[in-house]
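The values are calculated or read from the model by the stated rules, or taken from the named source; none is laboratory data. From a predicted model like this one, the values you see are computed outputs, not experimental measurements. Counting neighbours? That spans all protein chains shown, and the Cβs are built from the backbone with ideal geometry, glycine included. Surface areas here come from the heavy atoms of the whole protein model, side chains and all, with no ligands, DNA or RNA. Shrake-Rupley method; radii C 1.70, N 1.55, O 1.52, S 1.80 Å.
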Amino acid sequence: SLKKATENEVHWTRIEAWAGVGIPDVNGAASFGEFWLENKVEERKIMQPVSLWRPNQIAWQARRSAFLPNVFNLVSRPRSDTVEIFSCVKLLDLVVKGQATPDLVLSAPVKWTDLIDFLKSEMNKIHGSRR
């Protein structure tokens, strides 16, 4: 539903698992920048980050974020009808401490344009700080 709702603003590329260990599921390119999305589904009431992300996914995001923090984690929470978005910078807190405050929470029915607005804002921060 994300791809269909935003295909006029973002060119999406699904990355297959064989492309590289730890690389996120989806790459997006838009006029405001390029970014990566790792998609997760958490069925439990309390999030279990250690079981959601594999060590190579955590390592890839940690390494990438040292150069360009343009990786985001979308965690679908069917029990609460929400999607939580965590930047790669928060992933280590999420995995090590077991919790982190999401950068954005979208409630059902999800307005994917809110995610795009968030990503635009984040990309502006990233590129603005690198000039």
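Data table
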| read-out | value |
| --- | --- |
| Additional length obtainable on full extension of the chain from residue 1 to residue 59, 0.36 nm per residue less Cα span | 18.0 nm |
| Under-5 Å amide H pairs with residue 71, H placed in peptide plane, nonlocal only | 36, 88 |
| Electrostatic dipole magnitude of segment 18-76 [Cβ: Lys, Arg +1; Asp, Glu -1; Cα centre; debye, to 20] | 200 |
| Computed magnitude of the charge dipole of segment 43-114 (debye, nearest 20; Cβ of K, R +1, Cβ of D, E -1) | 220 |
| Descending principal axes extents, the chain, alpha-carbon based, whole Å | 36, 34, 30 |
| Per residue value of the accessible surface for the chain (all protein chains in place, 1.4 Å probe), Å² | 58 |
| Listed pairs 4/90; 3/125; 4/120; 97/120; 45/120; 3/111 exceeding 21 Å between Cα atoms | 4/90; 3/125; 97/120; 45/120 |
| Magnitude of the charge dipole, the chain, Cβ model with Lys/Arg +1 and Asp/Glu -1, debye to 20 | 280 |
| Accessible area of the chain belonging to carbon and sulfur atoms, whole % at 1.4 Å probe | 53 |
| Share of Cα-Cα pairs in segment 54-107 lying beyond 13 Å, as whole percent | 59 |
| Probe 1.4 Å, all protein chains present, accessible-area order of 79, 44, 64, largest first | 79, 44, 64 |
